Every structure is written in C-alpha cells, then in structure tokens.
Amino acid sequence: MPTQNIRVRIAPSPSGNLHVGTARTALFNWLYAKKYNGKFILRIEDTDAERSEEKYVQNIFDSLKAIGLNWDEGPDVGGEYAPYKQSERQEFYDKYSAKLLESGHAYYCWCTQEELEAEKELAKQEKRDFIYSGKCKNLSADQIEKYKTEGRKPVVRFSIPPKKLKFNDLIKGEIEFDTALTGDIVIMKSNGTPTYNFAVVIDDLEMKISHIIRGEDHISNTPKQILIYEALGVEVPQFAHLGMILAPDRSKLSKRHGATAVSEFINQGYLPEAFVNFLAFLGWSSPDGEEIKSPEEIANLFSLDRVSSNPAIFEFDKLNWMNGVYIRNLPIRDLAQRCGKYLGKYDLSCYSESQLDLIIDSVRKNLVKLDEISDLVSYFFGEDVNIDNELKQNVLISDESKKVLADFLEFAENFDYNNIEKIHEQFDKFRERMKPLKPKQIMPPIRAALTGLNHGADLAVIISVLGKDRVTKRIKANL
RNA sequence: GCCCCCAUCGUCUAGAGGCCUAGGACACCUCCCUUUCACGGAGGAGACCGGGAUUCGAAUUCCCGUGGGGGUACCA
C-alpha cells in the first residue's frame, strides 16, 4: 500500500479537445492522488508542434476543471518542477540525451529516411521483421565526418539491450517482453526535439512521478521506457495500465460514434458531476455496490485492485440514467440556472424566478440531458400553441371533447390560479361533475388544448403558470 | 506477420478453489401507482467463449485454440 510521496500525472497532448478516455485516465490518477494524499500533476505534451494548438490547451484546462479534477502542479499554476509544458523543457532532453550519449547508451544515427525505407523493404522481402540494424552504432571518425559534410542531420538512438524484461503492472499483473524484438529507438529527432518515449521518461523522472497510471495503449512503450530509466541509473516508477474505452461496436471511440470530447458532453447537457461519476465506474467498482457517488466518496473507496483490466464499452444508456438521477436530485434553483443557457429562444423575462423554478421542476422528471429542456417547456411560452392534426383527430374533434372543453372553460372562470393545491381540488370537483365521463376522457382534451401535446407536466401546474387569460384563450381556440 | 493485453447477463461489473441453483446496476419485459409522459415501487427474463489439464471439487489455477483490443514511426 503506497503511503508516501505519491505523485501522479496526466499528460495530454493538445492536438484535440480533452477526450473521454484521457478524462477517465485523469480521473483515476486524481482519485489515486486523493486517496493516498499525493499530488496530481498536469503536464502538456506539446512536442508535436504541428498538431498542438493553444485552444486545445485551454479546452483541456476547462474540461478538467469542469469535472472537478484540479491539479496541484501544472502549466498555469506552476510548481516545483516547472515548466509543465514539454515545449519549454528542451534543456532537460538535451541534458539527458548528452548523458546517454556519453555513457554509451545512445549514439548518433545518420541514416536517412530512404536508407531506412530500404532496410524495411529488404526485411519485408526476406520475410522477417524489421529491426533497425544498428549500423551507425560503430561508425569510424571518417565516416561521421563524411556524413557531416554531406549535411546530414543525425538522430540520437538509444541502444536497446536485448533481454527478457519483466515488470509488475499494478492492474494487469506481471508482463514480460523480449526487448531483442525491438530495434534501437530514436530518442532525439534530427530537428533536435525529443520523441515521445524519451520525453515522457525524462519528464516523469524530473517531476518525480511515482506511479504512472495510463491507458493500455502504452503497454508496449513501457519496456522501452524502463530501459531508459535503467540506463540512467534511476528508480523506475510503478506502472498501472487501464483498459481502453471502446465504442458500442467495440472499435475505438471516435467522432462517428458521436461526442468524444468532455466539453461536447457537457455542452449537450450532461452534468459534470454525473459525467465524472459515470467515468469512474467505467473500469472501477465500488466495494459497497452503490453507483451514485461523488468524486470525494469515490476517492475514499478507491484502490487500483478494484480496477478491472478489461476494456470498457462506453454505453450511453447508463450515462443517461445517471444524468437523470443527478438532475432529479439537484436543488431546483441550481437546475433552473443550468437550464438557462438552453432556453435562449424563449423570453424568460415574462416569468418570475419562482415561476421559472416551478416550470423546470414540473418537467425535470422527464429530463435526461439539459439540452432537452427547451422542448419540454415549450408550451409554457407564447400565447398560442400548435396542435398537430393527428392529436386533434384523436382527442379534440369529438363532440364529447368539445363538451368537456366548453364545461371546463366555464369552470375555469373560478379557478384559484395562484394556488396549485386549490386547482387540484377544483379539478377534482370538475371531474366529479363530469361523471360518468372518466378521467381518461376528460383530461386528454384539456391537456391537448393547453399544451398541444398528449403528455407533459401536471395540469394544475400548467394552468397556474399559464394563468386565466391564456387558459381561456387556448381552450376557446378548440371549441 | 510479429509482440503485448483482455475474455462472467445486450452493457458496466461482483466473484481472488467449495459461501455460485453466479450477485448488483443500466437497458429490456410484466404488474402496481397515476389526469398523460415520466418518476417511484414490486416482479421477470438474461452470462461464466471452446477444448484439455490440475483437484475430492474450477467462473476462479495452468496449457492450447478462438474472438476482441492495442502496439509495431524522426505521432503522442
């Protein structure tokens, strides 16, 4: 059980908005830090200048904050091991690369892309796997001089010692690789910047990362990284690899499956707290079997040995259910405020705050995502209401319906419009008077005339909010 | 191709040799509640990938298949 100096990190690359997979990895790191009193660090891996963009850095910040994952150290808040952007850490890569060069663990490789391609082609013809030959490892001074005058820019390669390498993954258990199957890897590109496998190691080492919790797409990088730690003579961190998050068709979650970025989900009206709760249970399970939990509660119960090692499919059904649970449990004022941004098409000023609360409250049980609120409350706005022909045919045109509406109109004269309880009572009286007609014959026409729909909020609430004028008007329109 | 990971209801999972006639949650079905849709409540259906081996006993251990996923870059 880890107890001291736990330092974990999330290291997203700003080549896109924060992906749900990355968010889930971030969450597990955050939970681990929280549970064991460690530090959670955010590092931006922007070595690939081509694909990195500042707007994505911002999106990563915003998304992480939105789901409550605050970091102890990072590009914006700084920290003891700053800077926290790879693009600003060049000196470290240079320093360690020189060190490896000096100790003989790395060497300059002058091979051109074409030469490498040729080697690959040859390997293919001979039906063997391509492994870099290492031919630049022992170059003569003359040869090197010749390459230099040709204007070739070398890469730095790390020589992979062939051996059976075992490591104990905190989630997967023991994993063994034969490093002889890996050729010497490039650690510094010819433009002088580090490759991913080198940069992570150096950063994690410099930032004193104790546990690396990441997606299992990194398992095969792990032996290369361990070898670099070893060559540097430093302590190797602990590794824990999470199963992937897959789309319902078992393929990698991508745009064609819908939203993949945390911000997209939030924009659609998934509550951040519901979303993060959902993410936590994608791979982790609570010992008490309960599934509605706050990040703090989860952190208390969290442990890596309750993290499953299989891939998890991202199913919307459960997310939707969970979001509904959170929506139903939210204080109404809070909910109403959050719904505000989805209600832009209505003139909200015609209602008081408490009326708005009442409106939202009357439909929240039907609300799955916040962006659905607009449709659910449509009939509370405007003077009139559209009723499609089918509904008219079904519940409004019969003589019986007309009679109900006419009687109702008369009755509605004396409703106590400001008192929902009273309206309920008066409704009861109305139904009493309409006997032998059944409720099912009485209510639908009234609802249809008032809302243009065959389902929705409690009628007493609708009547109260609409007020006498609009109730009268909408009923008369259907007589 | 080669390397690595994974394999329990449709889905997320519980399960660390006998507690399993395999438990929970979502989804699904039925019923109840009800002015509608929902919400809520009560039930139901639904799984250990296949084959060997170990053992008195295997969902649980080990092999071999099969299936899925990942990696195999001067991308991260």
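Does any residue in the stretch A:128-151 that is not assigned by TED's automatic domain parsing to the domain that holds A:Glu102 come within less than 7 Å, Cβ to Cβ, of a residue that is in a loop (DSSP other than H, G, I, E, B) and away from RNA strand B (no atom under 14 Å from the Cβ) six or more places away or on a different chain, and which pairs are these? Close Cβ pairs (under 7 Å, with a partner that is in a loop (DSSP other than H, G, I, E, B) and away from RNA strand B (no atom under 14 Å from the Cβ)) do not exist here.
When the residues of the stretch A:469-479 are filtered to those that are under 46 Å from the mean Cα position of the chain (by Cα) and of a type in the set (Lys, Arg), the one that is surrounded by the most Cβ atoms within 10 Å (Cβ to Cβ) is A:Arg474. Of all the helices (runs of 4 or more DSSP H) wholly in the stretch A:320-380, which have at least 1 residues that are among the basic types (Lys, Arg)? Qualifying helices (runs of 4 or more DSSP H): A:332-339. Looking across the stretch A:250-297, the residues that are basic (Lys, Arg) and free of Cβ contacts under 8 Å to residues at least 24 places away in the same chain come down to A:Lys252, A:Lys255, A:Arg256, A:Lys293.
When restricted to residues that are loosely packed, with under 15 Cβ neighbours inside 10 Å, within 8 Å of RNA strand B (Cβ to nearest atom) and under 20 Å from A:Leu242 (Cα atoms), the stretch A:286-310 contains 6.
If the condition is being outside any loop (DSSP other than H, G, I, E, B) and either within 13 Å of RNA strand B (Cβ to nearest atom) or out of contact with any Ser or Thr (no Cβ under 7 Å at 6 or more places or on another chain) (or both), then the stretch A:36-61 contributes A:Lys39, A:Phe40, A:Ile41, A:Leu42, A:Ile44, A:Glu54, A:Lys55, A:Tyr56, A:Val57, A:Gln58, A:Ile60, A:Phe61. Out of A:Val377, A:Val385, A:Val465, A:Val404, one residue alone is closer than 26 Å to A:Gln355 by Cα, more than 11 Å from RNA strand B (Cβ to nearest atom) and free of Cβ contacts under 8 Å to residues at least 60 places away in the same chain. It is A:Val377. Across the stretch A:364-386, the qualifying residues are those that are under 22 Å from A:Asp469 (Cβ atoms) and buried (at least 19 other Cβ atoms within 10 Å of the Cβ), and the one among them that is nearest to the chain's Cα centre (by Cα) is A:Val377. Screening A:Asn70 on (1) away from RNA strand B (no atom under 16 Å from the Cβ); (2) closer than 16 Å to A:Lys189 by Cβ; (3) outside any helix (DSSP H, G or I) shows it passes everything except condition (2). When we screen A:Leu279, A:Leu227 for residues that are at pLDDT 95 or above, out of contact with any Asp or Glu (no Cβ under 8 Å at 6 or more places or on another chain), in a helix (DSSP H, G or I) and not assigned by TED's automatic domain parsing to the domain that holds A:Pro162, the only hit is A:Leu279. So, of the residues in the stretch A:436-462 that are of a type in the set (Lys, Arg) and modelled with pLDDT under 95, which turns out to be farthest from RNA strand B (Cβ to nearest atom)? Among those that are of a type in the set (Lys, Arg) and modelled with pLDDT under 95, it is A:Lys438.
For the residues A:Lys120, A:Lys127, A:Lys85, the requirement of being of a type in the set (Lys, Arg), more than 24 Å from A:Phe158 (Cα to Cα) and within 15 Å of RNA strand B (Cβ to nearest atom) singles out A:Lys127.
The values are calculated or read from the model by the stated rules, or taken from the named source; none is laboratory data. Just so you know, these numbers come straight off a predicted model, no measurement behind them. In this analysis, Cβ positions are derived from the backbone assuming ideal geometry, glycine residues included, and neighbour counts consider all displayed protein chains.
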